[in-house]
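Below you'll find the structure, written out as C-alpha cells, and then a few comments.
Coordinate-derived values only; no laboratory data. Owing to the predicted nature of the structure, the values given are computational and were not obtained by experimental measurement. Note that each Cβ is placed from the backbone with ideal geometry, even for glycine, and that neighbours are counted across all protein chains shown.
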Amino acid sequence: MSFSINNNTNFMQTNNYNNLNKVDQDRTLDALSSGSKLNKSSTDAASLAISDELLALISATGQGIQNANDSIGLMQVADGALSGIEDNIQQIEQLTIKASNDTLDAADRKNIQKEIDGLLKSSDDIAKRTSYNGIKLLDGSGGSSANGTFSTQTGSNAGEISSITIGDAQTATLVGSIDITTADGRASAFDSLSGASQSLSSMRSELGAGQNQLMSSIRNSSVSQINTASVVSQLADIDFAQESANFSSESFMTQAGTFAQSQSNTLASRVSSLLA
C-alpha cells in the first residue's frame with residue numbers, strides 16, 4: 001500500500017482557482033473604483049466598440065452645439081449694428097421730411113444737410129467696423145466665400161449646415177448719396193431711404209430667422225446628446241450593488257482558497273514529521 005503526502009495535482013488546481021478568482025477580484029475592484037465596466041476591451045469588446053463610437057458622436061454633437069452658439073453670437077452682433085444703422089436712416093428720413101417744408105430757407109437746409117452727412121458717416125463707420133472675431137460682418141465680404149454668406153456646421157455630417165447671408169450695409173450700397181438742398185435731391189432721397197429701410201428690414205429678418213433655426217438645432221442636438229449619453233451609460237456604467245456583492249464573494253473565495261492551501265501544506269508537513 002502506498003499514499004501521497006504532497007498531492008501536486010490538488011495543489012495546482014487550488015492555485016489555479018485562486019489565480020482565476022484573483023483576476024475576477026481585480027476586475028471587480030477596477031470597475032468599482034472607476035464606475036465603468038468597460039475599462040478593458042477583454043471585458044466586453046462589442047460593448048466597448050459601440051460605446052467608443054457613441055462617445056465620438058456625443059463629442060461631435062457637442063462641437064456642433066458650440067458652433068451654433070458661436071454663430072448666434074455673430075448674428076446678434078450683426079443685428080445690433082444694423083439696428084444702429086436703421087436708427088440713423090430713420091433720423092435722416094425725418095430730417096428729409098423737415099427739409100421739404102417751404103418754411104425753411106437755403107441756409108436751414110444746408111444745416112440739415114450737415115446733420116444728414118454726419119448720420120451717413122456714422123452709419124458707414126458701423127458697416128465698415130462691425131466684426132466678430134476679426135471677421136467683417138456688414139461690408140459684404142464675410143464668410144468662407146467672401147460674399148457675405150456665413151455657414152454653420154451644426155453636425156458631424158457634411159450636409160448638416162445652416163447658412164445665412166448678411167448683405168452689404170455700407171452707405172454707398174445701402175442708400176447712396178443724399179442731397180436735400182434741392183427739390184429733386186429731396187425727391188430722390190425719399191426713394192433711396194425707402195429702399196434702404198426695406199433692405200435693412202430684410203437683413204434683420206434673415207438674421208432673426210437664422211438665430212431661430214440655430215436655436216432649434218441646439219435644442220434637437222441637446223436632446224440627441226442626452227439620449228446618446230444615456231445609452232453609453234447603460235453600456236458602460238456598473239451596477240454598484242451587484243459589483244459590491246461580487247467583490248465580497250470573490251474576496252471570501254480568495255480567503256477560503258488561501259486558507260485551504262495553507263491547511264493542506266500544514267497537514268502534509270505534520271504527516272512528514274510523523275514519518276520522520
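A Förster radius of 25 Å combined with the Cβ-Cβ distance from GLN63 to SER163 puts the calculated FRET efficiency at roughly 0.90.
Among ILE180, ILE161, the order by Cβ neighbours within 10 angstrom, fewest to most, reads ILE161, ILE180.
Using equal-weight Cα scatterers in the Debye expression, the normalised intensity of segment 46-235 in log10 at q = 0.13, 0.15, 0.18, 0.19 Å⁻¹ is -0.74, -0.87, -1.07, -1.14.
Taking segment 46-235 as the region of interest, the number of lysine pairs whose Cα atoms are within less than 19 Å, with members eight or more places apart or on different chains, is 5. Tell me, what is the FRET efficiency for LEU55 and SER151 to the nearest 0.05, using R0 = 25 angstrom and their Cβ-Cβ distance as r? It comes out at approximately 0.40.
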